[in-house]
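The values are calculated or read from the model by the stated rules, or taken from the named source; none is laboratory data. Here the structure is a predicted model, which is why all the values come from computation and not from measurement. Note: ideal-geometry Cβ built from the backbone for every residue, glycine included; neighbour counts use all protein chains shown. We work out accessible area using only protein heavy atoms, side chains counted, and drop any ligands, DNA or RNA first. Shrake-Rupley method; radii C 1.70, N 1.55, O 1.52, S 1.80 Å.
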Amino acid sequence: MPPNEVVAFLLTFTCYGTWLHGDARGSVDDEHNKFDAPLIETNTARNEYLRKNLKHPPLYLTEIQRKIVATTIAEVCTFRNWTIHESNVRTNHVHAVVSGEVDPDKMMKDFKAYATRRLRESRELKEDRPIWTEGGSKRYLWTDKSLSVAIEYVRNQ
């Protein structure tokens, strides 16, 4: 039986326009965002509709931008007194395994907000350019084993 308190969270959020609903990789919406719920099925028509209706091109982070985001996540964790177990900033999404006495929505909002600010301050992205998609995945890690598995996933997969 899992403990009553969460050990950590596995947070994942994507860059604007890079992982739309209906994609073959799967995605999550409000109806599919429950424990053990299936991902949204592949739907080429839905995916193409969403792609055609983007207001900006999809955003893929450069190496410099990825470093800015990774550094910012670490700084936010230090400032907020959260523990960053592992993070991995990819070209089209971000993973972070984090512990802290706060709601994971707050963590994700802070990571996105501060990373956005730093990317704009560095002049890496224009002011009107959307960077992140809305929301993201927040998985609760209830055991040390699930924490170890999440760290391994973020580090090596």
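Which ones in segment 53-76 are farther than 15 Å from ARG90 by Cα and of a type in the set (D, E, K, R)? So that I can check it myself, show each step before the final result.
Quick first cut of segment 53-76, residues farther than 15 Å from ARG90 by Cα only: 53-57, 74-76.
Once the filter is applied, which keeps residues that are farther than 15 Å from ARG90 by Cα and of a type in the set (D, E, K, R), segment 53-76 yields LYS55, GLU75.
Would segment 42-61 turn up any residue that is open to solvent by less than 60 Å² (accessible area, probe 1.4 Å) and at pLDDT 95 or above?
Yes, some residue in segment 42-61 is open to solvent by less than 60 Å² (accessible area, probe 1.4 Å) and at pLDDT 95 or above.
Can ILE64 be described as hydrophobic (A, V, I, L, M, F, W, C) and surrounded by 17 or more Cβ atoms within 10 Å (Cβ to Cβ)?
Answer is no for this residue.
Conditions first: (1) touching a residue at least 40 places away in the same chain (Cβ under 8 Å); (2) part of a helix (DSSP H, G or I). THR116 passes all but one, so which condition is the exception?
(1)
Name the residues in segment 125-139 that are over 30 Å from ALA8 (Cα atoms) and surrounded by 16 or more Cβ atoms within 10 Å (Cβ to Cβ), would you? Please lay out each step first, then the result.
Pass one, segment 125-139, residues over 30 Å from ALA8 (Cα atoms): 125-129.
Answer for segment 125-139, where residues must be over 30 Å from ALA8 (Cα atoms) and surrounded by 16 or more Cβ atoms within 10 Å (Cβ to Cβ): just LEU125.
State whether the residues of segment 95-106 include one that is of a type in the set (A, V, I, L, M, F, W, C), part of a helix (DSSP H, G or I) and at pLDDT 95 or above.
Looking for residues that are of a type in the set (A, V, I, L, M, F, W, C), part of a helix (DSSP H, G or I) and at pLDDT 95 or above, one finds none in segment 95-106, hence no.
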